[in-house]
Amino acid sequence: MPNDTPETPPAKLWGGRFSGQTDALVEAFNASIDFDRRLYREDIAGSIAHARMLARQGIIADADRDAIVDGLVAIREEIEAGRFEFRLDREDIHLNIEAALTERIGDAGRRLHTARSRNDQVATDTRLFVRAACDEACEALRSMRLALLELAEREADTVIPGYTHLQRAQPILLAHHLLAYEAMFTRDTERFSQARARANVLPLGSGALAGVTYDIDRESVARELGFEAISTNSLDAVADRDFVVDYHAAAALSMVHLSRLAEEVILWATAEFGFVDIADAFSTGSSIMPQKKNPDVAELARGKSARVIGNLVQSLTLLKGQPLAYNKDNQEDKEPLFDSVDSLLISVRVMAAMMPALIFDRERGRAAAVANFALATDIADYLAKRGVPFREAHEAVGKLVARCEAAGQTFDDLSLEDYRDAHPAFERDVLALDIEAALAARNVPGGTGPQAVADARIAARERLEGETRTP
Ligand code: ARG
């Protein structure tokens, strides 16, 4: 760094009251430029809106505004072209841009920070960032929901066992199982929309903590930056990072959902389950075991959920001990935020991309769906529908299961007489009870019956198509 030798100490923008130099360790510790440079676009947008407002209000001259806006646009281009020198001695993105602006345009640059503090500035930048991140999350979740729906359409007739306690329970349609995840990701989308709405409030104009002494027009800044409202308490505005917590909370729960889906894919791809083969493009090999085909994508998605959950806890812990108003602790909100944004987006996108690569073994799914007496509930229901109290029916069928198990048989091996031994209310039509009948019996709203699931698929598609897309 050219100006960073001890002989020529860099001037700090806040250096007026200082005569001694900052300790090198402190400088490194204090600086956030290595990561908050990611906020350059938000910072420049906020500064442009602020400068325009200052000129409209007669606080700075129009010529200064023009120099500021042109200078900031040029700096943005430099950053995007990779030509901007980010300097550690200039601490953070706000001071890096302001100092570079002043180098470029002189005194006009020194006027930009009128009626503003880095405290309301960074809160504004971070809100703009979170707002965009919520939109990106909704878009990624949308691709996931679409992928699940398309897989549910492709596998409309595929049957698998449904589980409770990870024990085979009742036959279900795979499409029903997939749409369960679609429902989770739809709720996640709602949560991100709500997080977006709460983030979409302008803190700028709160100053360092107490408001500013100029005749500013906050509403016009809010309009220019697309904020729905202005913050109503200056102390809260600079100290509040609830919107970061909201983002993390929505992200963490989405990642939990993704992790559950990932876990199912991992289980399904085992030799033990054998329901799914993951196409080569989404599988990985072992460096020692030539036969291996590993579900790394799903495992990484499951693993990344740990980070995002950790980041949620970090964001809460960061706030819990802070007195009002702004404290430097809040600089620590950024890396975990960026990490959650990146982890969520890549995990959701890659898992969505993997969905079509899941090749289901339909015969194996069907065989597993009837094995282990999965129709037992239906047989008990059969009796109950003929007037037998359900508890009595449950016991009769339980005895049939025990009898079959002792003889190494399945329900298919039973004759009508065997059934009648267990309960006299059984008729010949009990022998016709099969997967199709079991599924068709569940055409209740929200059930796994083929008609109910077809309706759910249509509803999911309508929901996806009817949604207004923010970005
Ligand atoms: N880099 C700081 C942050 O991320 C910017 C605000 C600094 N404000 C201050 N008063 N030191 O929070």
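Can you tell me which of Asp64, Asp43, Asp34 is more than 16 Å from the ligand (Cβ to nearest atom) and acidic (Asp, Glu)? The conditions single out Asp64. Looking only at residues of region 294-333 that are open to solvent by 80 Å² or more (accessible area, probe 1.4 Å) and in contact (Cβ under 8 Å) with a residue 24 or more places away in the chain, we find that the one that is farthest from the ligand (Cβ to nearest atom) is Arg302. For region 145-155, the criterion of being within 16 Å of the ligand (Cβ to nearest atom) and in a helix (DSSP H, G or I) is met by none of the residues. Scanning region 458-471 for residues that are assigned to a helix (DSSP H, G or I) and surrounded by fewer than 19 Cβ atoms within 10 Å (Cβ to Cβ) gives Ile458, Ala459, Arg461, Glu462, Arg463, Leu464, Glu465, Gly466. Leu358 fulfils the conditions (1) at pLDDT 95 or above; (2) open to solvent by 50 Å² or more (accessible area, probe 1.4 Å) except for a single criterion, (2).
Anything in region 429-449 that is in contact with a Phe, Trp or Tyr (Cβ under 9 Å, 6 or more places away or on another chain) and surrounded by fewer than 13 Cβ atoms within 10 Å (Cβ to Cβ)? List them, or say none. Across region 429-449, the qualifying residue is only Asp429.
Which of the residues spanning region 119-149 are more than 15 Å from the chain's Cα centre (by Cα), open to solvent by 10 Å² or more (accessible area, probe 1.4 Å) and farther than 17 Å from Val201 by Cα? Within region 119-149, Leu146, Ala147 qualify.
Here region 80-118 is the region considered, the condition is being open to solvent by 20 Å² or more (accessible area, probe 1.4 Å) and acidic (Asp, Glu), and the residue that is nearest to the ligand (Cβ to nearest atom) is Glu98.
Matching residues to (1) under 14 Å from the mean Cα position of the chain (by Cα); (2) of a type in the set (Lys, Arg); (3) closer than 19 Å to Ala249 by Cβ:
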| position | (1), (2), (3) |
| --- | --- |
| Thr164 | no, no, no |
| Gln167 | no, no, no |
| Gln170 | no, no, no |
| Ala175 | no, no, no |
| Arg191 | yes, yes, yes |
| Gln194 | yes, no, yes |
| Asn200 | no, no, yes |
| Pro203 | no, no, no |
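Considering the conditions (1) farther than 15 Å from Ala437 by Cα; (2) touching a strand residue (DSSP E or B) at 6+ places or on another chain (Cβ under 6 Å); (3) modelled with pLDDT of 95 or more, Asn372 is excluded by exactly one of them, (3).
The values are calculated or read from the model by the stated rules, or taken from the named source; none is laboratory data. Since the model is a prediction, treat every value here as computed from it, not as a measurement. In this analysis, Cβ positions are derived from the backbone assuming ideal geometry, glycine residues included, and neighbour counts consider all displayed protein chains. We work out accessible area using only protein heavy atoms, side chains counted, and drop any ligands, DNA or RNA first. Shrake-Rupley method; radii C 1.70, N 1.55, O 1.52, S 1.80 Å.
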